[in-house]
1. Quick check on the range 25-42. Is at least one of its residues open to solvent by 60 Å² or more (accessible area, probe 1.4 Å), under 21 Å from LEU124 (Cβ atoms), touching a strand residue (DSSP E or B) at 6+ places or on another chain (Cβ under 6 Å) and part of a loop (DSSP other than H, G, I, E, B)?
2. I'd like the full set of residues that are away from the ligand (no atom under 12 Å from the Cβ) and part of a helix (DSSP H, G or I), limited to the range 102-131.
3. So which of ILE55, ILE88, ILE20 is in a loop (DSSP other than H, G, I, E, B) and either touching a strand residue (DSSP E or B) at 6+ places or on another chain (Cβ under 8 Å) or hydrophobic (A, V, I, L, M, F, W, C) (or both)?
4. Hey, among the residues in the range 132-144 that are out of contact with any Asp or Glu (no Cβ under 8 Å at 6 or more places or on another chain) and outside any strand (DSSP E or B), which one's most open to solvent (accessible area, probe 1.4 Å)?
5. Report the residue count in the range 155-206 for those that are within 16 Å of the ligand (Cβ to nearest atom) and assigned to a loop (DSSP other than H, G, I, E, B).
6. With the structure loaded, tell me whether GLU106 is more than 30 Å from PRO66 (Cβ to Cβ), open to solvent by less than 70 Å² (accessible area, probe 1.4 Å), without any contact (Cβ under 8 Å) to a residue 12 or more places away in the chain and acidic (Asp, Glu) or whether it fails that test.
7. For ASP47, are the conditions met, namely being surrounded by 11 or more Cβ atoms within 10 Å (Cβ to Cβ) and either out of contact with any Leu (no Cβ under 9 Å at 6 or more places or on another chain) or within 26 Å of GLY153 (Cβ to Cβ) (or both)?
8. Check off (1) free of Cβ contacts under 8 Å to residues at least 40 places away in the same chain; (2) buried (at least 17 other Cβ atoms within 10 Å of the Cβ) for GLU56 and give me the number that stays unchecked.
Amino acid sequence: MSTTDLSSPYPTVAAPHFDISVEESRRRVAEFAEWMARRRTIRDFTDEPVPMDVIESAVAAAATAPSGANIQPWRFVVVTDPALKEQIRVGAEEEEREFYQRRASEEWLAALAPLGTDHDKPFLVTAPALIVVFEVHKGVDEPRPYYVKESVGIAVGFLLAALHSAGLATLTHTPSPMKFLGEILGRPANERPYVLIPVGYPAPDARVPDISRKPLGEVLVRR
Ligand code: IYR
């Protein structure tokens, strides 16, 4: 049981202990790793709506992420309004046209070729929900945050894992620059777009690139 220590100006509660056996740990983490390996970035969605309570629970999971000084410098804007989605598509395609036609180097375009991406972003209107994640910087009602990119990155990792746990498909989309998102969504100047995540179900004929993850031996170093 957690009892609050009222004698300190900074109260503490007992740390949680989960009492999971080593065998159970092995089973759980292997199951989690296998499930996560089945997540694929999806670019073709159906327009089938996603239950809002499922999205809300996923955002609740994201909002449990650790953050610098526990400032929790994130905002999750869930967009389902078709007119707003259309405006976001127009804004993103404007930036992306510029990216694919001018800004991207030949090297960058070659790296993207296997993904088959281009400036056309129909998923921004087809997907039933878009979650636009903002970094929250110092503002009138907001404290100065620390390690904002790291904190929001961890929260987005939690969010993607939570949505995947619910069987929902996601895409991490980063039209660049993303300033138009704050304008369309009426966010204050101290909120900066971090990533745009379409959420929904894969189209019946959706295909994904035949690519693989690096073997563990390449990414894990033991010392
Ligand atoms: N933001 C562009 C380009 C793009 C860049 C990378 I790196 C990707 O992994 C995928 C796309 C777009 O969304 O098309």
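1. Among the residues of the range 25-42, not one is open to solvent by 60 Å² or more (accessible area, probe 1.4 Å), under 21 Å from LEU124 (Cβ atoms), touching a strand residue (DSSP E or B) at 6+ places or on another chain (Cβ under 6 Å) and part of a loop (DSSP other than H, G, I, E, B), which makes the answer no.
2. Answer for the range 102-131, where residues must be away from the ligand (no atom under 12 Å from the Cβ) and part of a helix (DSSP H, G or I): ARG102, GLU106, VAL125, THR126.
3. Being in a loop (DSSP other than H, G, I, E, B) and either touching a strand residue (DSSP E or B) at 6+ places or on another chain (Cβ under 8 Å) or hydrophobic (A, V, I, L, M, F, W, C) (or both) holds for just one of ILE55, ILE88, ILE20, which is ILE20.
4. For the range 132-144, the residue satisfying everything is VAL140.
5. Selection size over the range 155-206: 7.
6. Against the criterion (more than 30 Å from PRO66 (Cβ to Cβ), open to solvent by less than 70 Å² (accessible area, probe 1.4 Å), without any contact (Cβ under 8 Å) to a residue 12 or more places away in the chain and acidic (Asp, Glu)), GLU106 does not qualify.
7. yes
8. (2)
The values are calculated or read from the model by the stated rules, or taken from the named source; none is laboratory data. A quick note: this is a predicted structure, and the numbers were derived from the prediction, not measured. When we count neighbours, we look across all protein chains shown, and the Cβ atoms used for this are built from the backbone with ideal geometry, even at glycine. Calculation scope for accessible area: heavy atoms of the full protein, side chains included, ligands and nucleic acids excluded. Shrake-Rupley method; radii C 1.70, N 1.55, O 1.52, S 1.80 Å.
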